[in-house]
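See structure below.
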Amino acid sequence: CTRPQDLTCSSPLAFGSISESRTQLSFNNNGIFGQGTYKFNDKLSLTAGLRYTMDKIYGHTTSTRASLISSPLDPRPSFIDPVTGVRLARQCTDSFRLGNGYVVGGDPAKCRTDLSNKSNKPTWVIDLDYKITPDMMVYAKWSRGYRQGGLNFTNPGLESWAPESMDTFEGGLKTTFRGSVSGFLNVAAFYNKLRGMQVFGGLTASPLYPGVAGGAAIINAGGARSYGLELDGSLGFFDNSLRFDFGYAYLNTKITQLLSQTELDAMVVGTPFSKITMTVQQGSPFTISPKHKLTLTGSYTLPLAESVGKVTLGATMAYTGKQIANGSVP
């Protein structure tokens with residue numbers, strides 16, 4: 001093709017095709033929420049918040065494959081393209097859902113597929129905090145969040161996935177201090193439980209459907225847990241002209257539940273795929289989730305006159321522990 005948009009193409013061997021695809025997704029996300037704090041006294045407070053979220057995704061795709069008709073004896077049902085005047089025969093690319101035949105009259109609307117995905121979930125937070133002193137507070141919190149499902153038209157039979165939800169339990173200490181050394185120190189410990197975990201799975205195409213290629217799909221494959229510790233703080237000396245900032249995070253993750261291969265094989269029954277290969281393994285850590293992360297920053301503000309301006313010199317060191325990139329081949 002010297003100019004594909006004008007279909008100025010030749011097909012001397014009478015095979016080859018031009019593919020075109022149009023996909024549109026519409027998202028409608030709504031929520032109603034409220035939050036309030038009740039103070040038992042000057043030190044003890046309880047905060048509670050509730051949200052109800054309504055998510056909808058609507059989508060449609062039109063994907064076709066047009067063959068150039070170079071001979072009037074060609075038996076395929078052809079038509080004259082109204083824009084370019086070139087004679088074509090059109091098939092639906094989605095041979096699994098719409099069949100592998102040619103579209104009489106070439107109307108691409110006959111190759112349209114419509115899908116939708118809806119989810120409605122409550123989420124909340126409950127937080128209890130106690131001020132030991134005006135500069136020191138301890139707290140405990142329970143919150144639930146969720147991530148909506150989605151659509152992917154390229155995976156017939158496995159186009160949609162459901163939402164996942166996570167409960168977080170967290171407790172910690174927040175402090176500030178002043179004097180010859182000023183700054184703050186925050187410590188938090190947490191435990192997370194993930195349900196309906198959305199995981200990528202590789203799709204192997206079935207030889208029964210040669211028009212469909214393999215790919216990757218998001219699968220609600222099981223559950224997981226994670227726990228850890230977060231520490232961050234800052235120390236300032238000499239009226240904060242010399243400052244040290246630091247942060248440390250420890251994260252321990254584990255896939256606690258994963259669909260068996262038998263369950264995964266059942267999901268591909270009635271689809272153009274023969275196998276799902278998960279990118280994680282049961283008992284393994286999360287991908288791209290290092291156990292240790294550390295940052296240290298030192299900065300010094302030069303003692304210059306205000307007329308000169310403010311000049312600060314600093315250096316940062318960051319460390320990230322090892323992590324698994326692909327859980328299917330750890």
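List of remarks:
- Protection proxy ranking of 227-239, 268-280, 170-182 - average other beta-carbon atoms within 10 Å, highest first: 268-280, 227-239, 170-182
- Extension gain (nm, one decimal) between L25 and S206, 0.36 nm per residue minus Cα-Cα: 62.4 nm
- Distance-filtered residues of segment 181-225 - backbone nitrogen under 19 Å, label point 7 angstrom along R147 Cα→Cβ: 191-203, 216-225
- Once C-alpha pairs closer than 8 Å and six or more residues apart are averaged by separation and normalised to the residue number of segment 126-264, the relative contact order reads 19 percent.
- Residues of segment 118-133 with amide N under 12 Å of the 7 Å Cα→Cβ point at K43: 130-133
- With all protein chains in place and ligands, DNA and RNA left out, the 1.4 Å accessible area ranks D6, D74 as D6, D74, largest first.
- Between segment 74-102 and segment 1-61, the C-alpha centres lie 30 angstrom from each other.
- The chain, relative contact order in percent, only Cα pairs under 8 angstrom and at least six apart counted: 11
- Rolled with a 1.4 Å probe across the full set of protein chains, the surface gives R144 an accessible area near 70 Å².
- When the C-alpha to C-alpha distance is required to be over 24 Å, the pairs from K110/K275; K174/K293; K131/K293; K39/K141 that qualify are K110/K275; K131/K293.
- Potential lengthening between N120 and T320 on full extension [0.36 nm per residue; Cα-Cα distance subtracted]: 68.3 nm
- Shown for the chain: the carbon plus sulfur share of the solvent-accessible area, taken with all protein chains present and a 1.4 angstrom probe, equals 59%.
- Relative contact order of segment 192-330, taken over Cα pairs closer than 8 Å and 6 or more residues apart, is 23 percent.
- Euclidean distance of C-alpha centroids, segment 290-305 and segment 216-255, integer Å: 17
- Label-point separation in nm, S70 to L242, each point 7 Å along Cα→Cβ: 8.1
- Accessible area per residue for segment 1-90, computed on protein heavy atoms with a 1.4 Å probe, is 68 Å².
- Difference of contour (0.36 nm per residue) and Cα-Cα distance, T8 to S289: 96.1 nm
The values are calculated or read from the model by the stated rules, or taken from the named source; none is laboratory data. All figures in this text were calculated on a predicted structure; none of them were measured in a lab. Cβ coordinates were reconstructed from backbone atoms using ideal geometry, including for glycine residues, and neighbour counts include every protein chain displayed. Accessible surface is based on the protein model in full, side chains and every heavy atom, while ligands, DNA and RNA are left aside. Shrake-Rupley method; radii C 1.70, N 1.55, O 1.52, S 1.80 Å.
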